[in-house]
Amino acid sequence: MAQSPSNPLALIAEVTHRCPLHCVYCSNPMQLAESKSELSTDEWTSVFEQSGKLGMLHAHFTGGEPLARPDLTELIAAARAAGLYTNLITSGIGLNEQRLKALVDAGLDHIQISFQDSREDAANWIAGAKAHAHKIDLSRAIRSHKIAFTVNLVVHRQNLDHLEEMIAFIEQLHPERVEIAHTQYYGWALANRAALMPTRAQLDNAIAIIAAAETRLAGKMRIDSVVPDYYAKYPKSCMGGWGQRLMLVNPSGRVLPCHAAEVLPGLSFENVRDKTLDWIWQESDSFRRFRGEAWMHEPCRTCDRRTEDFGGCRCQAFLLAGDATVTDPTCSLAPTHHLVELAVREANKTSAFHQPTTSSSFVQLQKANSDLWQYRTNPE
Amino acid sequence: MAAPTDASQPRLAAGCRWGPSTKAGTEEVRTILFPEGAIKLQGTGKLVLEHCDGQRTFGEIIAELQKEFGKTDPEKIRADISLFLEQLQKKRIVDY
């Protein structure tokens, strides 16, 4: 069976699935956790204490929008008290200068603000909310504190053509770091894939622009980016391997090896209300299921790369090929690679680019774009 | 950005801090936590960063470490530490 693991390195704390934004590329599951099922402050505090004892170093607060939790300051303080490095991944909606100061005083180490675009109308169109101007104001406030600041930029078919402009825009916000992340096709983003997947020309252009920006901004702003897996030769090493490095606790307390794992049939996930993190990491069927190599089929089983990419993403294998145990279809060696090639071919047939819709209400925005994509909605 | 000058005052960058310590044999291993990662430090690397307190200048740090490692060529010490700090600066772990 699977080898005994070393300790996990980081906790992903998905503290709520509620979110004031409706981003069309959201990777949250389409079946969102209900707000009434959310863990309490004390339950999260216990999760952080257990994480620190297990030897984890980082706690990444994400969602949904973590700021939708009124107790977020207490949660950050609890994670910091447990010895964890605290990282808040946020849209910034729900954050003003006073609350920001409270979070920093509670021990927040790092804040990541997502931007949808450099252009306000396009950003609000992607987010399904008027959020852009607030994020700019907030970025200025962040720079008055001594915490690390990262800007996250999700790139896709609708914004890649002005990547240079977006990088110049982000530079003005003075983060130490920018993450340029190509859309990953899970949850809502998978449903909207046709409208989001870039063309090969867009991707090649983006790679050149990022390389030039890295040289120009060296020592000033660090750029972290990855090639999207649909266009790569080999799959991504998803989460550093199943049950190898990370534990994700979702809003209702279920513990997952990755963001999307709940889509996998036949797996049940333990809850922190019933079991300790230590037991779940060491003993649970869900964390052991794809740990190591015993589960692998050919071509992974004998592939030299199996210790680097672990056969790619189990969820993507299931979502695209209908079987979580096969090689990730994004791998050029995968027997099901034609599924990805087909999607890529479709994406390159046209250079369809849509003009942003501006609208006074979200309902109108939804209606106007219903042929293009579906906006992420909120849990009950 | 370029290499530090004698007047630079190297320090851990915003959002980077010392984390937990462990032992490797008898030697202390310290961790620096930063966004999305951590580095473990022992020996010379640890010593250099412990000197980077934002008060001492790069010139002072070099002088202290040259004294500490009296047998090594002082110019090599300077070059090695300069490169080390420049690399960490590019990763936005150190500022100067």
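Note on the stretch A:341-380: among residues that are of a type in the set (S, T, N, Q) and not in a loop (DSSP other than H, G, I, E, B), the one that is surrounded by the fewest Cβ atoms within 10 Å (Cβ to Cβ) is A:Gln364. Within the stretch A:78-92, the set of residues being surrounded by 20 or more Cβ atoms within 10 Å (Cβ to Cβ) and more than 17 Å from A:Cys19 (Cβ to Cβ) comprises A:Ala78, A:Ala79, A:Ala82, A:Leu84, A:Tyr85, A:Thr86, A:Asn87. Here is the figure for the stretch A:101-120: residues that are closer than 20 Å to A:Thr41 by Cβ and not in a loop (DSSP other than H, G, I, E, B) total 5. Does A:Gln98 qualify as being assigned to a helix (DSSP H, G or I) and farther than 26 Å from B:Asp95 by Cα? Judged against the criteria, A:Gln98 is a match. Looking only at the stretch B:68-85, decide whether some residue is in contact (Cβ under 8 Å) with a residue 60 or more places away in the chain, over 23 Å from A:Gly55 (Cβ atoms) and either out of contact with any helix residue (DSSP H, G or I) (no Cβ under 8 Å at 6 or more places or on another chain) or surrounded by fewer than 18 Cβ atoms within 10 Å (Cβ to Cβ) (or both). Yes, there is a match, as at least one residue in the stretch B:68-85 is in contact (Cβ under 8 Å) with a residue 60 or more places away in the chain, over 23 Å from A:Gly55 (Cβ atoms) and either out of contact with any helix residue (DSSP H, G or I) (no Cβ under 8 Å at 6 or more places or on another chain) or surrounded by fewer than 18 Cβ atoms within 10 Å (Cβ to Cβ) (or both).
Looking at A:Ala195, is it among the aliphatic types (A, V, I, L, M) and either assigned to a loop (DSSP other than H, G, I, E, B) or farther than 30 Å from A:Leu319 by Cβ (or both)?
Numbers: among the aliphatic types (A, V, I, L, M): yes; either assigned to a loop (DSSP other than H, G, I, E, B) or farther than 30 Å from A:Leu319 by Cβ (or both): no.
So A:Ala195 does not fit the description; no.
When A:Ala127, A:Ala123, A:Ala148 are screened for being within 27 Å of A:Ser361 (Cβ to Cβ) and touching a strand residue (DSSP E or B) at 6+ places or on another chain (Cβ under 8 Å), only A:Ala123 passes. Restricting the first residue to the stretch A:301-330 and requiring it to be without any contact (Cβ under 8 Å) to a residue 24 or more places away in the chain, which pairs with a second residue that is part of a helix (DSSP H, G or I) meet a Cβ separation below 6 Å and a spacing of at least six or different chains? Cβ pairs passing all conditions: A:Arg306/A:Cys300; A:Leu320/A:Leu339; A:Pro329/A:Leu320; A:Pro329/A:Ala321; A:Pro329/A:His337; A:Pro329/A:Leu339; A:Pro329/A:Val340.
Let's see how each residue does on (1) modelled with pLDDT of 95 or more; (2) under 30 Å from A:Pro356 (Cα atoms):
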position: A:Leu196; (1), (2): yes, yes
position: A:Ala208; (1), (2): yes, yes
position: A:Ala213; (1), (2): yes, yes
position: A:Gly219; (1), (2): no, no
position: A:Pro235; (1), (2): yes, no
position: A:Pro251; (1), (2): yes, no
position: A:His259; (1), (2): no, yes
position: A:Val263; (1), (2): no, no
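If you check A:Gly312, A:Gly292 for being small (Gly, Ala, Ser), assigned to a loop (DSSP other than H, G, I, E, B) and either out of contact with any Ser or Thr (no Cβ under 7 Å at 6 or more places or on another chain) or at pLDDT below 95 (or both), only one passes: A:Gly292. Within the stretch B:4-30, can you find the residues that are surrounded by fewer than 17 Cβ atoms within 10 Å (Cβ to Cβ) and at the interface with another protein chain (Cβ under 10 Å from one of its Cβ atoms)? Of everything in the stretch B:4-30, those that are surrounded by fewer than 17 Cβ atoms within 10 Å (Cβ to Cβ) and at the interface with another protein chain (Cβ under 10 Å from one of its Cβ atoms) turn out to be B:Arg17, B:Pro20, B:Thr22.
The values are calculated or read from the model by the stated rules, or taken from the named source; none is laboratory data. Everything quoted here is computed from the prediction, not taken from an experiment. Cβ: placed from backbone, ideal geometry, glycine included. Neighbour counts: every protein chain shown.
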